[in-house]
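> Pasting in a structure now, in structure tokens, and then I'll have a few things to ask.
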2 protein chains.
Amino acid sequence: MASMNHHYTELQDSYLFRTIDQKVAEYKEANPDADLLKLGIGDVTLPLPAACIEAMHAAVDEMAVKETFHGYPAEVGAGFFREAVQAYYAKRGVELEPGEIFNSSGAKDDLGDILDIFSRGMNALVLEPAYPAYVDANVISGNNIVHLPSSAADDFAPYPDANVSADIVYICSPNNPTGATYTREKLEAWVAWAQEKQAVIIFDAAYESFIQDETIPHSIYEIEGAKECAIEVCSLSKTAGFTGTRVGYTIVPMELEREGLSLNALWVRNRTTKTNGISYVLARAAAAALSPKGKAQCMENIAVYKQNAQVLMDALDSVGVWYSGGKNAPYVWMQCPGGLTSWEFFDKLLNEEQVIGTPGSGFGKCGEGYFRLTAFNTPEKTAEAAKRLARVCASLQ
Amino acid sequence: MASMNHHYTELQDSYLFRTIDQKVAEYKEANPDADLLKLGIGDVTLPLPAACIEAMHAAVDEMAVKETFHGYPAEVGAGFFREAVQAYYAKRGVELEPGEIFNSSGAKDDLGDILDIFSRGMNALVLEPAYPAYVDANVISGNNIVHLPSSAADDFAPYPDANVSADIVYICSPNNPTGATYTREKLEAWVAWAQEKQAVIIFDAAYESFIQDETIPHSIYEIEGAKECAIEVCSLSKTAGFTGTRVGYTIVPMELEREGLSLNALWVRNRTTKTNGISYVLARAAAAALSPKGKAQCMENIAVYKQNAQVLMDALDSVGVWYSGGKNAPYVWMQCPGGLTSWEFFDKLLNEEQVIGTPGSGFGKCGEGYFRLTAFNTPEKTAEAAKRLARVCASLQ
């Protein structure tokens, strides 16, 4: 008699973005001609950089000819891919060995799968507001979630609490959903906490390319000692527009050991047992995105999104609404005006101005009364959405 | 204090194919000019079908332009992908709903990840000889392995043992490594066993395209009642030469329930929590491979591999060595001549004739004394390897 994993039944009934989709679908059905503007899910809109397109066409051509055809890839990452990531980190002074670099199909995949090398039933510390998949993946694994709320008082980037212990902790900087960043000083405090508690930091660096403040670390490994206590999970989804292309990378340092086991060796064994690596064509696209030429093209796209964020920030400034993020992140995290709850503001913005955002309460209880806007729409639509947003905010004051 | 998953330490020290690689590397170092012929790991050598190449170029072009760019895919499979799989199954009379079809990055990925919807510590029945990843993925999950050996007496495709209970069972047909196939009658017996025991069959159909005997089922769903007790995992690696392209599909029927839970719903929730689907470019390549035109091109490549298998079978026939497989599979599973063990024959074949195969004992204890040859090398190299193989066999008789 097959017995199932009943932890699935402990998950909240529906994923945040599915609830939004349902509400939007209902609105559309009732108002078929509405001019909806989406500042909701964090999906990119600009096409892939030319360097990636060229690399993929060339790789596809290789796959068409017997002499240059590629079969099974290296399961943890092709040499050229690992070298591209290594060179990318070296530019910021972080030295990695190729063996510390693993390819992935995106950050979401590895954020969930990495739990497989830890024991079940452990304590996972989640700094909230947080990306819902952190909590959900741990619930499925039967782990205990320890919530650490943050607020405007700590700029939504809290220091560790010395009284709190956990086996792992998720830190996302620049943060989804708040756009907050962790300063060097705060990250040093977290590394010290992890070393003292012998915990492991899962550092989600998916938005690192949006950092413009030069004092903010892009990688946890810019902090001394981090190689002994942190895994870094990164993605090209937001850096290079790879949301529909699906490549990321995960760093598991050689120095990282717990209970006498090398986490790198565990992850190698996990990957070689449970995957056959990523597509040759995609690995080439990723290496191109990380090359100096590709990265320059990526930054042109990011500049467009950052200008969108500025337009949203200007609109909120014009009506005196508090927000964080926007400067070093594609997200603007605003306080709902007029004391509205997150879902009340969602409904008002949708029904009155046909603008779709994301209720902050979907990212944890402490997100109640906040609202996330993304900078990934087109400049034209973002400008129009910013106008409507300011109008709603003004009406609530 | 992070506590780790210590089940990794229960895994056999090194993966079969890594040991082979080490032995080959040592031989090469000692004999740098040796003309090595590989009939070892099951990697394809022919380029991708033209239909796949065309589809990928077109998809890459779509990703280059804002108007046709694709962001986040449907996490469990794009509509066009699911329709292509649906149509592929319909040709053999198997009706699937789109919601029962999930995209994957290959069979290996889903064969491991699917365990996540079952409880830990369950009993997994493995019909041996078997693909090593079945055992390894279950060891990592802390499951108990129940071994069911097979032999030449049951054509390496055993009937169920009514006295054996298990939560899940792996059935691979055509089989890796033995090339054996399960007849309709044998699969009916396994479906009846699973229904009686309320177990779940994990049916690995990765080699279905090599079946030429029209009486052999390609899918477990050709058997009545299978939708109530089986998950099917399939791959385009061997069908379309996708070992380096990485796309597969997994079927979880709507009818499949255990302990009051829908396994389809659990798998949807798993995938939407832990993945963001597969690359648009790869999904297009896969849909092209499954289209009538693409499939015809795939079958031209498979015909080349099947002719290679015939050459290997002819060589073994010429020296009177027993084997299974070859006819409906890309694998020929031979008995080691002269009473040699699997590794003794491996060493002899490598050292005396520079031919590399895979020791049968690497697939389970009952594989001792057998040896796997693959049909995936070029016709020229396969013909030369067959000659050398016959020579070694003759010398042992």
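The values are calculated or read from the model by the stated rules, or taken from the named source; none is laboratory data. Fair warning: this is a prediction, and the values are worked out from it, not measured in the lab. For neighbour counting, all protein chains shown are included, and Cβ atoms are generated from backbone atoms with ideal geometry for every residue, glycine included. The protein model used for the area step is the full one, side chains on, heavy atoms only, and it has no ligands, DNA or RNA in it. Shrake-Rupley method; radii C 1.70, N 1.55, O 1.52, S 1.80 Å.
> Can you list which of the GluC sites (Glu not before Pro) found in the stretch B:135-225 are DSSP loop residues with at most 13 other C-beta atoms within 10 Å?
When the GluC sites (Glu not before Pro) of the stretch B:135-225 are filtered for loop state and at most 13 Cβ neighbours within 10 Å, B:Glu214, B:Glu224 remain.
> Round to the nearest 10 and give me the degree value, 0 to 90, for the angle of helix A:263-274's Cα axis relative to the longest principal axis of chain A.
So the helix axis and the longest Cα principal axis differ by about 90 degrees.
> Percent relative contact order of chain A, based on C-alpha pairs within less than 8 angstrom and at least six residues apart?
23 percent
> Dipole of the protein assembly as shown, Cα-centred, from +1 at each Lys and Arg C-beta and -1 at each Asp and Glu C-beta, to the nearest 20 debye?
So the dipole magnitude of the protein assembly as shown works out to roughly 840 debye.
> Here is a further query. Please tell me the relative contact order of the stretch B:144-249 in percent, rounded to the nearest whole number, where contacts are Cα pairs under 8 Å and at least six residues apart.
24 percent.
> Residues of the stretch A:139-169 with amide nitrogen under 16 Å from the 7 Å Cα-to-Cβ point of A:Gln195?
A:160
> Between the stretch B:322-396 and the stretch A:267-337, what is the separation of their alpha carbon centroids in Å?
51 Å
> I'd like the distance between the alpha-carbon centres of the stretch A:153-183 and the stretch A:1-61, rounded to an integer number of Å.
Using only Cα atoms to place each centre, the spacing works out to 26 Å.
> Tally up the carbon and sulfur contribution to the accessible surface of the stretch B:18-160 as a whole percent, 1.4 Å probe, everything protein left in place.
Numbers: 2820 of 5540 Å².
Of the solvent-accessible surface of the stretch B:18-160, carbon and sulfur hold 51 percent.
> Here is a follow-up. Which of the pairs B:Lys238/B:Lys381; A:Lys274/B:Lys327; B:Lys227/B:Lys306; A:Lys295/A:Lys387; A:Lys306/A:Lys348; B:Lys227/B:Lys365 have their Cα atoms more than 24 Å apart in this structure?
A:Lys274/B:Lys327; B:Lys227/B:Lys306; A:Lys295/A:Lys387; A:Lys306/A:Lys348; B:Lys227/B:Lys365
> Further question: In the neighborhood of B:Gly294, defined by Cβ-to-Cβ distances under 12 Å, what is the net charge if each Lys or Arg adds +1 and each Asp or Glu adds -1?
Details: positive: B:Arg284, B:Lys293, B:Lys295; negative: B:Glu54, B:Glu300.
Spelling it out: positives minus negatives among the neighbours equals +1.
> Between A:Glu26 and B:His6, how many nm apart are label points set 7 Å from Cα along the C-beta direction?
Each label point lies 7 Å from its Cα, and together they span 5.1 nm.
> How large is ³J(HN,Hα), in whole Hz, for each residue of the stretch A:364-376 in order, when computed from phi with the Karplus curve 6.51 cos²θ - 1.76 cosθ + 1.60 and θ = phi - 60°, using x for Gly and Pro?
x, 4, 6, x, 4, x, 10, 8, 9, 10, 10, 9, 8
> Taking loop as defined by DSSP and a crowding limit of 16 other beta carbons within 10 Å, which chymotrypsin sites (Phe, Trp or Tyr not before Pro) in the stretch B:262-351 fit?
Hits after loop and neighbour filter: B:Trp322.
> How big is the B/A interface in buried accessible area, both sides summed, 1.4 Å probe, to the nearest 100 Å²?
Values: alone 17260 and 17260 Å², together 27350 Å².
Summed over both sides, the interface buries about 7200 Å².
> Give me the lysines in straight-line cross-link reach of A:Lys293: C-alpha distance below 16 Å, same-chain residues under 8 apart excluded.
Here the lysines satisfying the reach criterion relative to A:Lys293 are A:Lys91.
> Still on this structure, I have one more. Write down, largest first, the equivalent ellipsoid semi-axes of the stretch B:320-375 in whole Å, where each equals the square root of 5 times an eigenvalue of the alpha-carbon gyration tensor.
On the way: eigenvalues 55, 35, 23 Å².
Result for the stretch B:320-375: semi-axes of 17, 13, 11 Å.
> Let me ask something else about it. Counting pairs of alpha carbon atoms under 8 Å apart in space and at least six apart in sequence, what relative contact order in percent does the stretch B:276-392 give?
The value is 27 percent.
> For chain B, set up a GNM with springs between Cα atoms under 10 Å and report which of B:Lys327, B:Lys91, B:Lys348 has the largest fluctuation.
Taking springs between Cα atoms under 10 Å, the residue moving most is B:Lys91.
> Related question: May I ask you to evaluate 6.51 cos²θ - 1.76 cosθ + 1.60, the Karplus curve with θ = phi - 60°, for each residue of the stretch B:2-11 and list the ³J(HN,Hα) values in order in whole Hz, giving x for glycine and proline?
5, 10, 9, 7, 6, 4, 4, 6, 8, 6
> Can you give me the angle between helix B:16-30 and the longest principal axis of chain B, using Cα atoms only, in degrees from 0 to 90, rounded to the nearest 10?
Value to nearest ten degrees: 40.
> Please find the FRET efficiency linking B:Glu380 to B:Glu222, where r is the Cβ-Cβ separation and R0 is fixed at 56 Å, and quote it to the nearest 0.05.
0.90
> Based solely on its DSSP helices, what 222 nm [θ] is calculated for the protein assembly as shown when runs of n ≥ 4 H residues each add -39,500 (n - 2.57) and the sum is averaged over all residues, nearest 500 deg cm²/dmol? It would help to have the intermediate numbers written out before the result.
Working: 22 runs with 300 residues, N = 794.
Calculated mean residue ellipticity at 222 nm is -12000 deg cm²/dmol.
> In addition: If I fit a long axis through the Cα atoms of helix A:50-63 and take the longest principal axis of the Cα atoms of chain A, what angle between them do I get, 0 to 90°, rounded to 10?
Value to nearest ten degrees: 40.
> Could you give the accessible area per residue of the stretch A:270-318, probe 1.4 Å, as a whole number in Å²? The partial results should precede the final answer.
On the way: 1530 Å² over 49 residues.
Here the residues of the stretch A:270-318 average 31 Å² of exposed surface.
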